[in-house]
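Here it is: the structure, laid out below.
The values are calculated or read from the model by the stated rules, or taken from the named source; none is laboratory data. The shown structure was predicted, so the numbers you read here are calculated from the model rather than taken from an experiment. Please note: Cβ atoms are built from the backbone with ideal geometry, for glycine as well, and neighbour counts cover all protein chains shown.
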Amino acid sequence: MIHVYVGPTLSASEPVLAALGLRVLPPARHGDLFDTAIVGGNTVVLIDGVYHQAPALRHKEILAAMGRGVAVIGAASIGALRAAELAPYGMLGVGSIYCAYASGRIDGDDEVAVGQAPDGEFGALTWPVVNIRHVLGLARSAGVLDEVRAARLLEGLRAVYYPQRTWAAVRAVCRRQGEQAFAGWLSGQRERDRHFGDLKRADALAAVRTALNGGAPAARGIEPPVWETAYFRRWSNAFARCRVDGLLLRTEDRLVYQQVFDPGFPARWAAYLEHLSLHPGDGGPGVDLAERLARAGGLDLPAARVFRPVLDLRDGQTVDMLLAGETAHDRRAVARYADALAWVRRSRPGFSTDAVRDEVSRDLLLQVWRCPERGLDAQASARGLGCGARAVHEAKRFVPGFLEDIERAETSRVG
């Protein structure tokens, strides 16, 4: 399977995007390469990506994909930039824009940045610098501009902020610099060929055809130390998802729900710590938990207060152990709470769980755990949440839905 991340660079009507074996996806963003549909032996063609309106795709996500046997090709836009940066690790760059990045003739995202419609459509509304530079080169070859005038026009057009660099802005800069002849020539070329000078499109088409023709590089098996960092583990946990009972749920949400709401979870966490102590391949040193406590000087403390293993929610055995007590009712609650949080985010632009007051989240935990505030740290560590402060932070994702449940119950009682 070939997964193509593309947006403004290629129209959805391009015939090449209808080829068998192609999965066409919107511009790539942070987390997209954690998609479980992308498996070893597949190819990713990275063309477009978001970076202004949402977090951009990280380099280590690309390295991790290549590390699990996925071939990655980059071209035209952010794909060309990432390919130039990751070529030493086996990412394949295609096209003139990639070559310009790789050689150092250009650098920075602003070279390929375009403005896009705010309504979810990914069509480009503006001209990227790489296309402008290419068109000016064509004009010089045609004798329409000389080198000095072309350089002056490039400087003037680069000075226009990229979301405002429309065709009207291009004409305005030409008029201001007395280059109406160039503007007329360019307009005529575009009337004859609406793709005239579109270097990004040409490179993107070349990249897709390279993948279709089997030109993707063989995966080089990049070792985890290159990309397996604390940041990457946090991202991989955040983007781990699974479809169960017809619901697509985040694994992390399911786990935190159990940690917060399941009264039996402390026993499950203790069993998990014992499991780690007996199985060195799963992260423990392979000695009895009591012996590990003794070595750590923590004989007077419960194991949960001493050991705080880093979880990997990509590991099926870990997930199965920690979610062993989950019920269908729990999964429906997780989905309901996720929907409530999503609704708040839609209705309040810019909202994040950090906006939930600590005292509201703390009250939720104290109510559910039925413990005094001084016992919050002990309860949190017994549930694998480390400490009360972290538990308060993690539980914030459930506050909107929990408050809705309380309001719904009050309404039912009054009614």
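Among the candidates D363, D339, D405, single out the residue that is under 22 Å from the mean Cα position of the chain (by Cα), assigned by TED's automatic domain parsing to the domain that holds D262 and assigned to a helix (DSSP H, G or I).
One residue alone meets the criteria, D339.
Something else about it: Tell me, which residue of the stretch 234-251 that is in contact (Cβ under 8 Å) with a residue 60 or more places away in the chain and over 19 Å from A328 (Cβ atoms) is surrounded by the fewest Cβ atoms within 10 Å (Cβ to Cβ)?
A238
Same structure again: Out of the residues in the stretch 325-371 that are surrounded by 13 or more Cβ atoms within 10 Å (Cβ to Cβ) and small (G, A, S), which is farthest from R268 (Cα to Cα)?
Checked the stretch 325-371; the qualifying residue farthest from R268 (Cα to Cα) is A340.
What helices (runs of 4 or more DSSP H), lying completely within the stretch 41-157, carry at least 3 residues that are assigned by TED's automatic domain parsing to the domain that holds I222, closer than 19 Å to V208 by Cβ and over 23 Å from the mean Cα position of the chain (by Cα)?
Fully inside the stretch 41-157 and qualifying: 96-103.
Just checking, which of Y5, Y51, Y101 is aromatic (F, W, Y), modelled with pLDDT under 90 and touching a helix residue (DSSP H, G or I) at 6+ places or on another chain (Cβ under 8 Å)?
None of the other options fit; the residue is Y51.
Only one of E228, E191, E274 is within 28 Å of the chain's Cα centre (by Cα), of a type in the set (D, E) and surrounded by fewer than 20 Cβ atoms within 10 Å (Cβ to Cβ). Can you tell me which?
E228
Additional query: Looking only at the stretch 18-48, count every residue that is in contact with a helix residue (DSSP H, G or I) (Cβ under 9 Å, 6 or more places away or on another chain) and under 19 Å from F232 (Cα atoms) and tell me the total.
Residues meeting the conditions: 8.
For the stretch 152-180, give me each residue that is loosely packed, with under 13 Cβ neighbours inside 10 Å and of a type in the set (A, V, I, L, M).
Correct list: A159, A168.
Restricting the search to the stretch 346-356, which residues are in a helix (DSSP H, G or I), farther than 17 Å from R250 by Cα and within 21 Å of the chain's Cα centre (by Cα)?
Answer for the stretch 346-356, where residues must be in a helix (DSSP H, G or I), farther than 17 Å from R250 by Cα and within 21 Å of the chain's Cα centre (by Cα): R346, D354.
Say whether the condition of being touching a residue at least 24 places away in the same chain (Cβ under 8 Å) and out of contact with any Gly (no Cβ under 9 Å at 6 or more places or on another chain) is met by at least one residue in the stretch 116-126.
No, the conditions are met nowhere in the stretch 116-126.
Oh, and also: Condition first: hydroxyl-bearing (S, T, Y) and either outside any helix (DSSP H, G or I) or in contact with a Cys (Cβ under 8 Å, 6 or more places away or on another chain) (or both). Now tell me which residues in the stretch 159-201 satisfy that.
Answer for the stretch 159-201, where residues must be hydroxyl-bearing (S, T, Y) and either outside any helix (DSSP H, G or I) or in contact with a Cys (Cβ under 8 Å, 6 or more places away or on another chain) (or both): Y161, T166.
Right, something else. Of the numbered conditions (1) in contact (Cβ under 8 Å) with a residue 24 or more places away in the chain; (2) surrounded by fewer than 21 Cβ atoms within 10 Å (Cβ to Cβ); (3) outside any loop (DSSP other than H, G, I, E, B), S11 satisfies every one except a single condition; which is it?
(3)
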